[in-house]
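Engineer: I am attaching a structure below and will ask some questions about it afterwards.
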Amino acid sequence: MIDFQALVITLALLLGVVALTTIAAIANKIYSNREEDSKRAFLNHLRKQFLLLSIPEEKVRALREIAAGVSGRWSQLAAEEVRELELETRLDVIRALEERGVVARFLKDSRSRLKWTRAHALRVLGELKVPASVPTLLQALEDKDPDVRNVAARSLGRMKLQAAEEALVGLLGKHEQSVSARIAAICIEMGPRTAPLLIRTLRDGTPKARFWAARILGEIKDGRATRSLGDALLDPEADVRSAAAWAIGSVADRSTAPLVQSLLRDPVWFVRAHAAESLGKIGDPAFVAELGAALEDRSWWVRRNAMDALVKLGDPAKPVLTRALESADRFARDCAAEALTTLGVPVVLPPVAGRM
Amino acid sequence: MNAATLPIWFFDVLNVVSIVILVYFAALQLVLFGLLILSFFDMRRRLAQNFYADYEAVAKSHFTFPISVLVPAFNEAKTAVDSVRSVLSLDYPQHEVIVVNDGSTDDTLARLIREFKLTRREAATRLSLPVLGAIRGIYRSEIAPNLVVVDKEHAGKSEALNAAINVSRYPLFCTIDADTVFQENALLRVVRPFLEDPDKVIAVGGQVRVANGCKVERGRVTEPRLPQNVLAAFQVVEYLRAFVASRLGLSAMNNLLILSGVFSLFRKDVVIEVGGYRSDTITEDMELVLRLHHHMRRSKRPYSVVFLPDPICWTEVPQSIGALARQRARWHRGLLHSLWRHRSILWDKNSGSLRWIGLPYYFLFECMGPIVELVGYIIIPIAYFMGFLSPLYFWAFLFLSVTSGAFLSISAVFLEELSFGLYRSWGDFALMIGIGVLENFTYRILTLFFRLGAVLDMILGRGGWGKQERAGFERARAVPANP
């Protein structure tokens, strides 16, 4: 039999929960509206203090207020505002924050057992661009939690030139894709001064580090890396060969074209694809025949990249493309037609309907 | 009828049915409550991640994966141009937009040609996936270099998507509907799980919101508002409940079987591996996700299908009962069809939690739900009015089904307020709370009949796609806000 008493209790509970949920939702709505108001008021107050910094007799008080703001509940918002200040003013504020122990508190929080407390502290330190926090941020890249590692990488990105390039390059390829990509992005922002370190990593690093070093060198486009990238084309790891082939294309040094061209025969498809792409970027018309042959490669990506490369080469590629129109391979014919059309040569092929 | 004249076994059967229905309802509410709790924690985690995420850096990154956005369009003349413009202007470092005009009989293609200065071009496309319906032409834009329009004979959405996959260049593809508008950083948000774990993540879906009634400017929702149309307003709360309170929880267990075709991002190589979209199914998006789950588990490869709580796009929902009925019947038929096709997951020992959680959940509560609810709504009042059932049980049943439903809906509204708080006016908020209670007497019962119709169609072998009339964003824009 059904236990009616239990049923009534269940119902009462449910009704209670519905009522509580409704009350909670309303309370939350009121709270979030007030939060918005409070945030706005805080920002107005903080900006007023920034203005007061230029008045000598108000400066001490303003710095105290700003420090209180940065260490309060809107710390991140305050830190973002501080970041936008002019360098001299910002350094004044950071000094005040250091003197009042605010920076030390965030450094301590960055070692908290609670992951979001660590993340928050790292984020604020990154926004403030406190030079003393660089070792902490680098250390946080080794944090056990991926979210914290991501925030640390983000903060280092915010600090830009103040980060230690040697330590950053040393961390390449040690972490998951998102963190490695952030570290790589920071290295790219640092520019050519990381090139010697990257060249060394390309020679002696782990396969993942070599891969990232090649990618970054390609983005930096530093001519000093050409020789090392050329050597990396013979790397036993396909990922490294492919990244090196791509990077050489970005550097676009014609002397490397024969080396890249040899990779069109690589057993791994994405190495061949990047080699084809690079030949287009290098722009040496000596290799149009090889690119024409790549239109019949067994990999779609290689064909597609070869087609794009031939389009980039322009007029010298037209005879090869015209010959490819007669190819027994359907895709090679289609590629040739698309490339020639793009180059302004009218092509008549059967309707697309018959080809798909 | 005199109860005394009925045989004893009749009372026994009635009692057993009553208990079964009550146990079913209790189990359903318990499961939904569990999912809500899971959703809450997952939402908290993802919101914290969002708070510390740096989308600006992702947008500028040299290492963000390029994405092909696929837009199948069949008779979408009213919305296609707005939608394509919205996708083209998405904040993302490298993306291409491939619109497939699936043999539209209206002027969808003509409008696209005119608006984007399209010219027909030769194009080399690979045949990664076989496609039904001949390609009539491939167009490129003079003003938007990353726009490709494929004009093909009508063969259905699946074939249009497969054709778009063949034409696409990038390793990730995103499917959207032509009547969708996006948050500016929708792609940046949805790609994040891929950037964090590119080897494991194979598909990501985001939260779809109702566009009706919202203020839309230049392909962007600038002011989310509740629609004045009652049916559409009910759907606002329904979407919140489905996305926030249920899919998030299932996703946390890697058991999410539905990613809305309105906006999902997939790894192309895996989709090609399983043969792309199938046209012999009703809801191709769900069938594909199920096939991906089954394939990855069978081949014992680690993977995840992720649902993000971020509201990333807005879609127009039906505003008339007829259109809603057709849409819901189609969805339910698709659900039944897909689950039936992949029923072998239940006895495939490689399927892991999918055979114990995911599939049973959809079978028992999503598919069987309408039948058990109907039995409950019919048998229990009849039994009550015939005097076989205690009034307490009867009212208890009604209250249980209503209050638990209201609790879930209000919780979903609460979660939305707690997380994104997009509906800013007190009027909209109060209305959503009201709808959360009211829908249990009205809208839920209405959709129950639509879903039952789908079960009947399946039994009778009837089927096909419903047709949705689009108001177009211009009209949606004209709808005034609620007080």
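The values are calculated or read from the model by the stated rules, or taken from the named source; none is laboratory data. From a predicted model like this one, the values you see are computed outputs, not experimental measurements. In this analysis, Cβ positions are derived from the backbone assuming ideal geometry, glycine residues included, and neighbour counts consider all displayed protein chains.
Conditions tested, residue by residue: (1) in contact (Cβ under 8 Å) with a residue 40 or more places away in the chain; (2) in contact with an Asp or Glu (Cβ under 6 Å, 6 or more places away or on another chain); (3) exposed (fewer than 13 other Cβ atoms within 10 Å of the Cβ); (4) not in a helix (DSSP H, G or I).
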residue	(1), (2), (3), (4)
A:14	no, no, no, no
A:41	no, no, yes, no
A:58	no, no, no, no
A:73	no, no, yes, yes
A:82	yes, no, no, no
A:92	no, no, no, no
A:95	no, no, yes, no
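Each row is one residue, and each column tells you yes or no for (1) within 14 Å of chain B (Cβ to nearest Cβ); (2) modelled with pLDDT under 85.
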residue	(1), (2)
A:265	no, no
A:300	yes, yes
A:303	yes, no
A:320	no, no
A:328	no, yes
A:331	yes, yes
A:352	yes, yes
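Engineer: Given (1) surrounded by fewer than 19 Cβ atoms within 10 Å (Cβ to Cβ); (2) more than 9 Å from every other protein chain (Cβ to nearest Cβ); (3) assigned to a helix (DSSP H, G or I), identify the lone condition not met by residue B:392.
Structural biologist: So residue B:392 meets the others, but not (2).
Engineer: Quick one: what pairs do we get from the range A:255-276, first residue surrounded by fewer than 23 Cβ atoms within 10 Å (Cβ to Cβ), second of a type in the set (D, E, K, R) and assigned to a helix (DSSP H, G or I), C-beta under 7 Å, 6+ apart or different chains?
Structural biologist: From the range A:255-276, the pairs are A:261/A:290; A:264/A:272; A:264/A:290; A:266/A:241; A:266/A:272.
Engineer: Look at residue A:172 and say whether it is in a loop (DSSP other than H, G, I, E, B), touching a Cys at 6+ places or on another chain (Cβ under 9 Å) and surrounded by 16 or more Cβ atoms within 10 Å (Cβ to Cβ).
Structural biologist: Details: in a loop (DSSP other than H, G, I, E, B): yes; touching a Cys at 6+ places or on another chain (Cβ under 9 Å): yes; surrounded by 16 or more Cβ atoms within 10 Å (Cβ to Cβ): yes.
When the stated conditions are applied, residue A:172 passes them.
Engineer: Looking at the range B:89-111, which of its residues are crowded, with 19+ Cβ neighbours inside 10 Å and closer than 20 Å to residue B:67 by Cβ?
Structural biologist: Of everything in the range B:89-111, those that are crowded, with 19+ Cβ neighbours inside 10 Å and closer than 20 Å to residue B:67 by Cβ turn out to be B:90, B:92, B:95, B:96, B:97, B:98, B:99, B:100.
Engineer: In this structure, is residue A:154 of a type in the set (D, E, K, R), within 30 Å of residue A:48 (Cα to Cα), in contact with a helix residue (DSSP H, G or I) (Cβ under 9 Å, 6 or more places away or on another chain) and within 14 Å of another protein chain (Cβ to nearest Cβ)?
Structural biologist: In short, yes.
Engineer: Oh, and also: Any idea which of A:33, A:28 is over 30 Å from residue B:16 (Cα atoms), polar (S, T, N, Q) and under 35 Å from the mean Cα position of the chain (by Cα)?
Structural biologist: A:33
Engineer: Only residues that are polar (S, T, N, Q) and either assigned to a strand (DSSP E or B) or surrounded by fewer than 22 Cβ atoms within 10 Å (Cβ to Cβ) (or both): list them for the range B:320-350, please.
Structural biologist: Answer for the range B:320-350, where residues must be polar (S, T, N, Q) and either assigned to a strand (DSSP E or B) or surrounded by fewer than 22 Cβ atoms within 10 Å (Cβ to Cβ) (or both): B:320, B:327, B:344, B:350.
Engineer: Could you check the range B:351-365 and list, in sequence order, the residues that are surrounded by fewer than 19 Cβ atoms within 10 Å (Cβ to Cβ) and assigned to a helix (DSSP H, G or I)? Steps first, answer last, please.
Structural biologist: If we filter the range B:351-365 for residues that are surrounded by fewer than 19 Cβ atoms within 10 Å (Cβ to Cβ), which is where we start, we get B:352-353, B:355-357, B:360, B:363-365.
Correct list: B:353, B:355, B:356, B:357, B:360, B:363, B:364, B:365.
Engineer: Looking at the range B:294-308, I want the residues that are farther than 18 Å from residue B:194 by Cβ and have a partner that is of a type in the set (S, T, N, Q) with Cβ atoms under 8 Å, at least 6 apart or on another chain. Which pairs are those?
Structural biologist: From residues that are farther than 18 Å from residue B:194 by Cβ, the pairs are B:294/B:344; B:294/B:351; B:297/B:350; B:297/B:351; B:298/B:350; B:298/B:351; B:300/B:350.
Engineer: Given (1) of a type in the set (Phe, Trp, Tyr); (2) within 14 Å of chain B (Cβ to nearest Cβ); (3) farther than 22 Å from residue B:433 by Cα, identify the lone condition not met by residue A:31.
Structural biologist: Residue A:31 satisfies every listed condition except (3).
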